[in-house]
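The values are calculated or read from the model by the stated rules, or taken from the named source; none is laboratory data. Just so you know, these numbers come straight off a predicted model, no measurement behind them. Here the Cβ positions follow ideal geometry from the backbone for every residue, glycine too, while neighbour counts run over all protein chains shown. All accessible areas refer to the heavy atoms of the entire protein, side chains included, with ligands and DNA or RNA removed. Shrake-Rupley method; radii C 1.70, N 1.55, O 1.52, S 1.80 Å.
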Amino acid sequence: MSISSKPIAVFDSGFGGISVLKKLLNILPNENYIYLGDNHNIPYGDKSKEEITQLSIKILDFLIKQNCKMAVIACNTITASSYDVLKEKYNIPIIEIISNGVEDIIDNTKNNNISIMATEFTVHSNMYYDKILDYNDKIKVTQVACQKLCPMIENNWYSYDDRILVLEEYVKKIDDNSDTLLLACTHYPFIIDDIKSVVNRKKANIKNIIDPSTKIALSIKKYLIDNNLLNTSGGKLKFFTTGNKKDFNDFVSRYIKINYELERIVL
Ligand code: DGL
């Protein structure tokens, strides 16, 4: 098997990374993909750095055994906690989402006042905050930890009657003068319509709500082209979940319209 025909591995604590995978399937339809969702252990956002790193090492050990050509951390929380360790430990290229989110936000703000919605872990790591200020220390960054969102999205957001109230509590904390809001958890794009309607009602100054999945998909395309790793004859997709196969199928079939395989694994 040539290197270019090996699969790209995409992973997340659960369904969130499927927002990135969807963009990859649009932008790079001729690649082969494997996706691992650690749905059994979600949420990662409430865990310690040590726990998240141990789980991500198990994930990458598994994905490398599947013979992938590169790995995509489609999870802000894993990036914030463990990217440095993973990058040192493994020889394959690893692409992470946070630097793409940072570039997206810098490209979009006009008034240098931005807000970020993310998990507890991502907010407390300050990785976004530090990286944005490294670019431009005049930018005002407000971070909102949205503890309830990821578990609710994972368990069918639309089944919660109080979902708009929950969102309003978080949106209230966005700076009134921010012109740009970054969705810094890959689960949030699945509820972007609800986020947009609450934000439009409550925060008139927000002009852009950013989902960094297009940016990371384009970075991956560039990386493959620059390194002569582009596949022109793939198109296969296989999912691995540590959770329940039926729940996984129910979620995925709403968003992914090509044929795929699905296997349940224990990490
Ligand atoms: N999709 C993950 C992220 O981007 C969710 C983390 C979690 O499991 O809490 O941060």
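Quick notes
- Matching entry among 48, 5, 19 (being under 14 Å from the mean Cα position of the chain (by Cα) and of a type in the set (S, T, N, Q)): 19
- For region 160-181, the candidate set comprises residues that are open to solvent by 10 Å² or more (accessible area, probe 1.4 Å) and in contact with a strand residue (DSSP E or B) (Cβ under 7 Å, 6 or more places away or on another chain); within that set, the residue that is farthest from the ligand (Cβ to nearest atom) is 177.
- Long-range neighbours under 8 Å by Cβ, at least six apart or interchain, first residue within 25 Å of residue 109 (Cβ to Cβ) and open to solvent by less than 40 Å² (accessible area, probe 1.4 Å) within region 140-159, second among the charged types (D, E, K, R) and within 10 Å of the ligand (Cβ to nearest atom): 145/120
- For residue 95: the one exception among (1) β-branched (Val, Ile, Thr); (2) under 15 Å from the mean Cα position of the chain (by Cα); (3) loosely packed, with under 15 Cβ neighbours inside 10 Å: (3)
- Residue check: residue 267 meets all listed conditions (1) at pLDDT below 95; (2) open to solvent by 70 Å² or more (accessible area, probe 1.4 Å) but one, namely (2).
- Residue within region 8-17 that is under 18 Å from residue 241 (Cβ atoms), of a type in the set (S, T, N, Q), outside any helix (DSSP H, G or I) and within 16 Å of the ligand (Cβ to nearest atom) present: yes
- Unique residue being touching a residue at least 40 places away in the same chain (Cβ under 8 Å), open to solvent by less than 40 Å² (accessible area, probe 1.4 Å), out of contact with any Lys or Arg (no Cβ under 9 Å at 6 or more places or on another chain) and under 20 Å from residue 108 (Cα atoms) when the list is 184, 217: 184
- Flag for residue 231 being of a type outside the set (A, V, I, L, M, F, W, C) and open to solvent by 60 Å² or more (accessible area, probe 1.4 Å): no
- In the set 218, 183, only one residue is within 20 Å of residue 102 (Cα to Cα) and in contact with an Asp or Glu (Cβ under 8 Å, 6 or more places away or on another chain); that residue is 183.
- Meets criteria (out of contact with any helix residue (DSSP H, G or I) (no Cβ under 9 Å at 6 or more places or on another chain), within 16 Å of the ligand (Cβ to nearest atom) and not aromatic (Phe, Trp, Tyr)) for residue 23: no
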